[in-house]
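Reviewing the structure listed below.
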Amino acid sequence: MARNKEAVVLLLDVGPSMHSVLSEVESVCSMLVQKKLIFGKSDEVGVVLLGTDDTCNELQKEVGGYEHIVVLRNISVVDGNAVDFLQNLPRGNFRGDFIDAIVVGIDLLIKKFGPTNKGKQRICLMTDARYPIKAPYEGTKEDQVNTISQMMQTHGIRLDCIVIREKLPEADLRVMEENDNLLDQFSRKAIAKIVHVDSSTSLLGALKTRNISPVTVFRGDLELSSTMKIKVWVYKKTSEEKFPTLKKYSDKAPSSDKFATYEVKVDYEYKSMEDPDKVVPPEQRIRGYRYGPQVVPISSAEWEAVKFKPEKGVKLLGFTDASNILRHYYMKDVYIFVPEPGNKKAIVAVSAIARAMKDMNKSAILRCVWRQGQGNVVIGVLRPNISSVDNIPDSFYFNVLPFVEDVREFQFPSFSSFPSSWQPNEQQQEAADNLVKMLDLAPSSKEVLQPDYTPNPVLERFYHFLELKSKQPDADVPPLDGSLKRITEPNPAVFSHHKSVIDNFCKNFELKENPKKKKSSKRAWRGKPSTFSEKEEGVDDFEAMMARRDSSKWVSKAIKDMQNHVSDLLENSYDGDAYSKAIECLVALRKGCILEQEPKEFNRYLLGLYEKWKDTDLANFFELLSSKSLTLISQKEASDSNVTEEEAKNFPVKTELKF
Amino acid sequence: MDLDPEGLFRDDSDSESEFYREKDSTKEFVVYLVDASPKMFGAARSDEDEKPETHFHAAINCISQSLMAQIIGRSYDEVAVCFFNTKEKKNLQDLNGVYVFNVMDRECLDRPTARLIKELSYVEDTFMSNIGSRYGIVSGSRENSLYNALWVAQALLRKGSAKSVSKRILLFTNEDDPFGSITGATKTDMIRMTLQRAKDTQDLGISIELLPLSWPDEEFNVSIFYAELLGLEGDDISQFLPSAGEILEDMTDQLRKRMFKKRKVKTIRFSIANDICIEVNTYALIRPTSPGQIMWLDSVTNLPLKTERSFICADTGALVQEPHTYFHPYKNEIIKFSMDELSKIKNISDGQLHLLGFKPLDCLKDYHNLRPSTFIFPTDEEIVGSTRIFIALHRSMLRFQRFALAFYGSLYHPQLVALVAQDEITSSSGQVEPPGMHMIYLPYSDDIRHVEELHMAVDANAPRATDDQIKKASALSRRIDLKDFSVCQFANPALQRHYGILQALALGEDEMPEIKDETLPDEEGLSRPGIVRALQEFKISVYGENHDQEEANTAAAKGSGSEASRKRKAMAETAARESASYDWADLAENGKLKDLTVVELKYYLTAHNLPVTGKKEALISRILTHLGK
């Protein structure tokens, strides 16, 4: 028999006032059973309904009374039928008495287990506790609760009670208060937990559907110093429940094989690079650690000898103002430090420090090595958790903090440095203020969507679909349930309630798609010339084209175009009217060719011009050039040139043609 | 490939690895262009007794740190280090005054190696004799070392397409007026040429970033020359580098921060109400750094091995294709799921961030955490007006001390999140906390465990501390106060050791480096009389006067009281006595062990603290091994 086998009796109120939430009761209970079918196959479940039309329970037969309570399913090992039962709960028309139901539940457990199985028995009551319970035959209702609590305690039975009250139209506040007090009395006198929920979404998250046996991460001393130590146990407070790992399916097994697993195994082989057919055996493999481009081979034994090996222990580094540790630095899931159970001194010591920290708004910084042989240390922040329940000791929450290496200090612009067109004006700010104030999810301490009562919609959907598929293998994935949509989408009721605030917000802000979109890098080139548009702007176009760097061809094209342009000017010139223009262009061309290290290109062109026109009436143009000291590019100006300074100075007079 | 076999740094699951990696995985090529003019070697701070700190030293320091971070993190980025205003020259173009620094087994622009980091950190010692420093731009010469430097840097960055690689030149200088020493036409000409060169470089998709170093009494004036070179205008200039370098460390800090290139994780839509849907970028500012992937090598050749994965049907042993159907056993049946169905189940939202409402900050409890947070910052790139709305909400949330509850419908991990507005915090060393919102991943009820209820006392109140005890604890916490504690002031000793060892091995050094563990408590501080007294008073207050004695008594009672341990001890004694009466070596020598009974063999094993399980042969071979036969 499994060590952690648990027995649960579900006491479900199906009376008239519960009808609106019964579908959520159905799904949360079937989820509980489904998870047991997967994770706790030997757990046992019983189902008792209250508020039914009929009556069917052993106590009624034995002693009478206990009306409108039906034992739908006796305590037995979970099976698929239990899910069916729970998904189709009957709707009752009577007011059930939850105290009677608890007694029936206890009766079932005692008859089944007697004195055995202590501490692994649980009663789970779901009701709205809205109607008065019957007065007992003798004593007060309080006495009755005391007697029942006593019985639960001796038999090691826990009570989990979920009180569901969505909206309260014609509710009797006095009755509810009395009922709440009675239930609270259980939590003082027995091991019981009472949870109040006010929406169907929270109902789905209110019941722990999976039992995870808690394991301590660390048991030992919280060392304030070498002389002052407090005995603590450390557990995980949060730990993500993962999407179940599914197995890979193989259809190769013959249909006659009754013991087929249908599994696919994954096999890894390590092969040498040079010889792809050669499999390298495990003992010939060695780990290589990357360090930049290098890979450093280190065997496990070597690594073991040199690696960081801190001593086990949890040590205090000091206290600091809580404001020194911003919330977003919390790195991981959260731990809880509880004082060693039953150790009064530890309980008091933890309580004193926790309360002092709370009063002074301090946090403590710890260095933790949970177990011997752990290869790293953890630095984290300890925060007080003052218990709100009398019989639970004070404790601490512990969050892991980052090391230097874990933080990237990106710099972002200040909002104040943004242009005023990006800043909200007064009216817009007011609209935002109203939105933040009014769209309140925690009005007068009635917080909705508390993480503690919000189920994981993906897991809900998976288990729901799993059950569906077990009956109907070709079923489609069902749409997300309405109660779960409250988690993933804004609640239309809340939004329509604050319609004016939202409308005002929307009215005040304008959004539009950026027409320019992402292509900013290409945009920079748009509008740059690819030909010389107008003759007059030859120089500007040339410079712009020379400056283009999207392709190297632009430089040669610019030079070529400029050369043609100058030639055109000269050929069409009449009595030197285009000389000044041509000279301007040549100056630009010369400068460009120096910048671009293309002196030969310029020199060749200038000499060509000279050769072509030195004996024509354009010869005076070259005199003008030398008077403006516009000459060949010398080696001094551009190293690629093979014209000396002397030769350049003498152009056009004594230049030998050497190109 | 096996990730971190010891599992020391293991993240939770494979599907989450994406969360820890940035999506924007483009490579980066960086040229560090460092001014080496004599001005850079002038004392930037004149402490009387200490060696003067130079700007050059600060620049080298920054680069070394950044290279160190790169080699640990994104080691596929390539870097080159280049000095200008040097006496010697070393570059492909053979231009004067530019020296490209490199070490063996490495291209000029390449991934940083252990040797590069090491030699760079010592470069100052031999700089004057090997490379030399001089003013590059002086009157009477047409030499333009800045122009040359930009050209060399651009040439170094020639490889790789601008689309897949981001290319940057980081220019370190303390000269805000590089052409100040010359005048006239030469000056205008040289300035124009240099600007054109810079523009050319930028047009090629290379960004030039200036990391200016200021003098204590004289702020670096960006507008003299560099504003034009960088293409800064108006407002940009004023925000460029406002704080003067009063303290060199602060300036070094600022530079170091600016050297990081911001990499966003992704751009997501944030739907606020009705049709209002803005756009934000997400950044992973805090993620655990792991020592990176390991590679399997052939221990004979030290060459990497190729991993081949094959799928085998467990029932028939046949090789199969990678299956696309998965199953989950349920009610003694096999429930099959296609990949498509699985992704449909997980796909419960549209990838956007949906605002659900606002809550006061105290609704966010200390245990509402699962993973490192993600930073969000608005962008107007595609939706104009996003930033304005974001700023307005940000301000309101700060004003009313509220956080936004939202649903982040990411495809692989949809989750409820808290968006906590963070105001900008700056210090003398620049921005400490950027303005924006932090997305905190909230647990579901399935993820929260009610551990504290495990040890509930029945019908009895748990003891609580008295006021006096609380007062003593307060006094203690005032004594042991970490005033300037800042998150992440500690280096991770495990990682430091890891990389220290790798660096030593990569450089072929025999000495393993000693890494100081900064995370240990300050024993010396804790032994100050004031603290010791506060501790003692608190101890007496909560534990009573004779705590240590009581503890010792309990421990003693436990030690002698345990039935089992006494029995074990007695057995060991008997075994030792019995075992001494045999000549084991002789028995083993003559193969006579097998003639003994199992009980007799076990005497030896028990006496020598060896396991006593297994068949007779196993016991014999264990004894032989132990005897060294």
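The values are calculated or read from the model by the stated rules, or taken from the named source; none is laboratory data. Quick caveat, the model's predicted, so the values are computed rather than measured. No Cβ is skipped: glycine too gets one built from the backbone with ideal geometry, and neighbour counts run over all protein chains shown. These accessible areas exclude ligands, DNA and RNA; they are computed on the full protein's heavy atoms, side chains included. Shrake-Rupley method; radii C 1.70, N 1.55, O 1.52, S 1.80 Å.
If both residues of a DSSP beta bridge must be in chain B, then about 70% of such bridges are antiparallel. Ordered from largest to smallest accessible area (heavy atoms of protein chains, 1.4 Å probe), the residues A:626, A:416, A:634 come out as A:416, A:626, A:634. In order along the stretch A:488-496, the Karplus-derived 3J(HN,Hα) couplings, from 6.51 cos²θ - 1.76 cosθ + 1.60 at θ = phi - 60°, round to 8, 9, x, 6, x, 5, 5, 5, 6 Hz, and Gly and Pro are given as x. Taking every alpha-carbon pair under 8 Å whose residues sit at least 6 apart, chain B reaches a relative contact order of 10 percent. Here the stretch A:177-313 is treated with +1 on each Lys and Arg Cβ and -1 on each Asp and Glu Cβ, and its dipole about the Cα centre works out to around 340 debye. Ignoring aspartates and glutamates fewer than eight residues from residue A:271 along the same chain, the ones with Cα atoms less than 17 angstrom from its Cα are A:283, B:2, B:298, B:308. Calculated on C-alpha atoms, the gyration radius of chain B divided by its Kirkwood radius gives an Rg/Rh of 1.06. Other protein chain C-beta atoms within 10 Å of residue C-beta, averaged over B:273-279: 5. List the aspartates and glutamates whose Cα lies under 20 Å from the Cα of residue A:553, skipping any in the same chain that are fewer than 8 positions away. Within the straight-line limit of under 20 Å, residue A:553 reaches these aspartates and glutamates: A:540, A:541, A:543, A:561, A:596, A:598, A:601, A:640, B:200, B:203.
Dipole of the stretch A:96-200 computed with +1 at Lys/Arg Cβ and -1 at Asp/Glu Cβ about the Cα centre; of A:197, A:123, A:113, farthest Cα towards the positive end is A:113. Applying both filters, DSSP loop and at most 15 other Cβ atoms within 10 Å, to the chymotrypsin sites (Phe, Trp or Tyr not before Pro) of the stretch A:83-141 gives A:137.
The peptide list A:52-60, A:339-347, B:315-323, put in order of mean Cβ contacts within 10 Å with the highest first, becomes A:339-347, A:52-60, B:315-323.
Per-residue Cβ counts within 10 Å, from other chains only, averaged over B:201-209: what number is that? Taking all residues of B:201-209 together, the mean is 2. Solvent-accessible area lost on pairing B with A (1.4 Å probe, both sides summed) amounts to about 21100 Å².
Ignoring lysines fewer than eight residues from residue B:616 along the same chain, the ones with Cα atoms less than 29 angstrom from its Cα are B:567, B:569, B:592, B:594, B:602, B:629. Compute, for residue A:177, the solvent-accessible surface of its heavy atoms (probe 1.4 Å) with the complete set of protein chains present, and express it in square angstrom to the nearest 10. Residue A:177 has an accessible surface of roughly 120 Å² with all protein chains in place.
Along the axis of the charge dipole computed for the protein assembly as shown (Cβ charges of +1 for Lys and Arg, -1 for Asp and Glu, origin at the Cα centre), the listed residues B:186, B:283, A:504 are led at the positive end by B:283.
With a threshold of 23 Å on the Cα-Cα distance, the over-threshold entries among A:61/A:112; A:362/B:262; A:437/B:262; A:193/A:437 are A:362/B:262; A:437/B:262; A:193/A:437. Averaged over the residues of peptide A:307-313, the number of Cβ atoms from other protein chains lying within 10 Å of each residue's Cβ is 4. Working from Cα pairs under 8 Å separated by at least six residues, relative contact order for chain A is 8 percent. For the stretch B:98-154, the list of trypsin sites (Lys or Arg not before Pro) that fall in a loop by DSSP and count at most 12 other C-beta atoms within 10 angstrom reads B:142. Solvent-accessible area of the stretch A:381-503 (1.4 angstrom probe, protein heavy atoms only): carbon and sulfur portion equals 52 percent. Packing here is the average count of other Cβ atoms within 10 Å per residue, and on that basis the peptides B:497-508, A:114-125, highest first, run B:497-508, A:114-125.
Summary of the geometry: the stretch B:460-502 and the stretch A:415-464, compared by the centres of their Cα atoms, lie 34 Å apart.
Using the Cα centre as the reference, give the magnitude of the dipole from point charges on the C-beta atoms of the protein assembly as shown (Lys, Arg: +1; Asp, Glu: -1; all else neutral), rounded to the nearest 20 debye.
Dipole size: approximately 2740 debye.
Considering only Cα atoms, the convex hull volume of the stretch B:273-342 works out to 310 Å³ per residue. Expressed in units of 2.2 N^0.38 Å, where N is the residue count, the Cα radius of gyration of the stretch B:419-577 is 1.71.
Along the charge dipole of chain A, pointing to its positive end and built from +1/-1 on Cβ of Lys, Arg, Asp and Glu, which listed residue (A:610, A:25, A:589) has its Cα farthest out? After comparing all options, I get A:25. Note on chain A: Cα Rg divided by 2.2 N^0.38 Å, N the number of residues, gives 1.62. Hey, how many Å between the Cα centroid of the stretch A:35-73 and the Cα centroid of the stretch B:335-354? The stretch A:35-73 and the stretch B:335-354 have Cα centres spaced 37 Å from each other.
The stretch A:207-274 and the stretch B:407-432 have their alpha-carbon centroids 30 Å apart. To the nearest ten degrees, helix B:145-156 and the longest principal axis of the Cα atoms of chain B are 50 degrees apart.
Other residues lying with their Cβ under 14 Å from the Cβ of residue A:68 contribute a combined charge of -3, Lys and Arg counting +1, Asp and Glu -1. Highest mean packing comes first when the peptides B:166-179, A:251-264 are listed by Cβ atoms within 10 Å, giving B:166-179, A:251-264.
DSSP beta bridges fully contained in the protein assembly as shown are about 70 percent antiparallel.
Protein heavy-atom accessible surface, 1.4 Å probe, per residue over the stretch B:491-627: 62 Å². Charge dipole of the stretch A:458-518 (Cα centre as origin; +1 on each Lys and Arg Cβ, -1 on each Asp and Glu Cβ, all else neutral): 400 debye, rounded to the nearest 20. Note on the protein assembly as shown: helix-only mean residue ellipticity at 222 nm, from DSSP H runs of 4+ residues weighted -39500 (n - 2.57) and normalised by residue number, equals -11000 deg cm²/dmol.
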